[in-house]
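Some notes on the structure that comes next.
The values are calculated or read from the model by the stated rules, or taken from the named source; none is laboratory data. Fair warning: this is a prediction, and the values are worked out from it, not measured in the lab. Because the Cβ atoms are built from the backbone with ideal geometry, glycine has one as well, and the counts that use them run over all protein chains shown.
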Amino acid sequence: MEYLRHRGERIPLIGLGTYRFGENGRQDEIAVLKYGISRLGMTLLDTAEMYGGGLSEEILGEAVRGLDRESLFIVDKILPHNAAAGRFFESCTRSLERLGTDCIDLYLLHWRGDADLQQTVFEMERLVSEGLIRHWGVSNFDTDDMQELFECEMGSRCFCDQILYNITARGAEFDLIPWCKEHDVLVMGYSPLCNCSSARQAVAGGALAADIAAREGKTPESLMLSFAVRNRDIAAVFKTASIPHLEWNMQNVFEPIPPEELELLSAKYPPPDRKYPLEKI
Ligand SMILES: NC(=O)c1ccc[n+]([C@@H]2O[C@H](COP(=O)([O-])OP(=O)(O)OC[C@H]3O[C@@H](n4cnc5c(N)ncnc54)[C@H](OP(=O)(O)O)[C@@H]3O)[C@@H](O)[C@H]2O)c1
């Protein structure tokens, strides 16, 4: 595993997501998490109270039971409608119970919704001071949302913005990623494999990705992941419930993509030439 450093933390560049975990094959999902952690050092683990109505948190909790808690970096998310006084603390403690841990490493507001930003910051800071979470952040915040957040008291303590980012969704490169860098906010990319089968296949099944992957000893999917973390300043979390897929996706993933291959990829999947609204799932 390779790591990035952010505000004194050592964070794996690539982690495992758990979206849709709990919908089928619980034992396979647990096996994938255990395999990723123990064999590939994938200790960045992403979940949310929304996924499977809490089942994904339970599955993650079961997968990490008995492991050295300090070796893991667990990311969890609160729904905007729970990010209100009276519900915030309860939501967090319910997530902790399902995870079977006493502290979440990074707790995110899942999307902005109707959440009151100042209230959210105060509640997040309260959870930090009570030791229930170590860091807090947001998800699906575009540049204007981040600017508004930073106008709140203690808003600049936001550790991370988790956003949709992959080779076909590069809009954030125009202003959001530079803004986050300038303001010391970690960008974590979700859906680095384009989320759905047809979108992934449109890239991975194409001649360009196949040719470059073959030349570089990667698979098309590991090329997509390599692309997402190519500058070593963005972490990425992908999901799989299959150990063969996991191994396939991680093949040679940290070998840099040579500049001439990056140019070819950018010719087909160009960076943004203007501001686009942040894409979300
Ligand atoms: N903050 C947010 O709002 C937000 C939104 C979406 C996602 N996320 C997080 O980011 C994580 C990753 O995003 P994602 O799940 O949307 O998308 P993703 O990781 O881009 O793609 C996951 C899909 O790709 C398939 N896949 C993976 N490797 C494959 C392979 N080698 N061959 C064929 N299919 C393969 C998976 O199916 P298999 O299981 O069959 O491999 C799954 O259907 C989520 O799990 C979640 O933790 C956050």
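Would you check which residues across the stretch 207-244 are buried (at least 23 other Cβ atoms within 10 Å of the Cβ), in a helix (DSSP H, G or I) and of a type in the set (G, A, S) and list them?
A209, S222, S226, A228
In this structure, is E247 of a type in the set (D, E) and part of a helix (DSSP H, G or I)?
Working: of a type in the set (D, E): yes; part of a helix (DSSP H, G or I): yes.
When the stated conditions are applied, E247 passes them.
Any residue in the stretch 268-281 that is surrounded by 16 or more Cβ atoms within 10 Å (Cβ to Cβ), within 14 Å of the ligand (Cβ to nearest atom) and not in a strand (DSSP E or B)?
Scanning the stretch 268-281, I find at least one residue that is surrounded by 16 or more Cβ atoms within 10 Å (Cβ to Cβ), within 14 Å of the ligand (Cβ to nearest atom) and not in a strand (DSSP E or B), so the answer is yes.
Counting just the residues of the stretch 40-60 that are at positive phi and more than 17 Å from the chain's Cα centre (by Cα), which one comes out nearest to the ligand (Cβ to nearest atom)?
So the residue we want is G52.
Determine the pairs where a residue that is farther than 11 Å from I167 by Cα, located within the stretch 213-238, has a partner that is surrounded by 22 or more Cβ atoms within 10 Å (Cβ to Cβ) and of a type in the set (F, W, Y) with Cβ atoms under 8 Å apart, the partner being 6 or more residues away or on another chain.
I234/Y165; A236/Y165; A236/Y190; V237/Y190
Specify the residue that is nearest to the ligand (Cβ to nearest atom); the eligible residues are those in the stretch 217-229 that are in contact with a helix residue (DSSP H, G or I) (Cβ under 7 Å, 6 or more places away or on another chain) and of a type outside the set (A, V, I, L, M, F, W, C).
Top of the filtered list is E221.
Restricting to the stretch 166-203, what's the tally of residues that are in a loop (DSSP other than H, G, I, E, B), buried (at least 19 other Cβ atoms within 10 Å of the Cβ) and within 10 Å of the ligand (Cβ to nearest atom)?
Count: 4.
Taking the stretch 1-29, which residues are within 10 Å of the ligand (Cβ to nearest atom) and among the small types (G, A, S)?
Listed by number, the residues that qualify are G15, G17, G25.
Say whether the condition of being modelled with pLDDT of 95 or more, under 30 Å from K34 (Cβ atoms), within 16 Å of the ligand (Cβ to nearest atom) and out of contact with any helix residue (DSSP H, G or I) (no Cβ under 9 Å at 6 or more places or on another chain) is met by at least one residue in the stretch 249-267.
Among the residues of the stretch 249-267, not one is modelled with pLDDT of 95 or more, under 30 Å from K34 (Cβ atoms), within 16 Å of the ligand (Cβ to nearest atom) and out of contact with any helix residue (DSSP H, G or I) (no Cβ under 9 Å at 6 or more places or on another chain), which makes the answer no.
Can you list residue pairs whose Cβ atoms sit under 8 Å apart, with the first residue in the stretch 176-204 being without any contact (Cβ under 8 Å) to a residue 60 or more places away in the chain and closer than 22 Å to L45 by Cβ and the second being within 8 Å of the ligand (Cβ to nearest atom) and of a type in the set (D, E)? Count only pairs 6 or more apart in sequence or on different chains.
Listed pairs, sorted by first residue: L193/E221; R200/E221.
Listed residues E279, E221; which is in contact with a His (Cβ under 9 Å, 6 or more places away or on another chain) and of a type in the set (D, E)?
Working: E279 fails: in contact with a His (Cβ under 9 Å, 6 or more places away or on another chain).
Sole residue among the options that is in contact with a His (Cβ under 9 Å, 6 or more places away or on another chain) and of a type in the set (D, E): E221.
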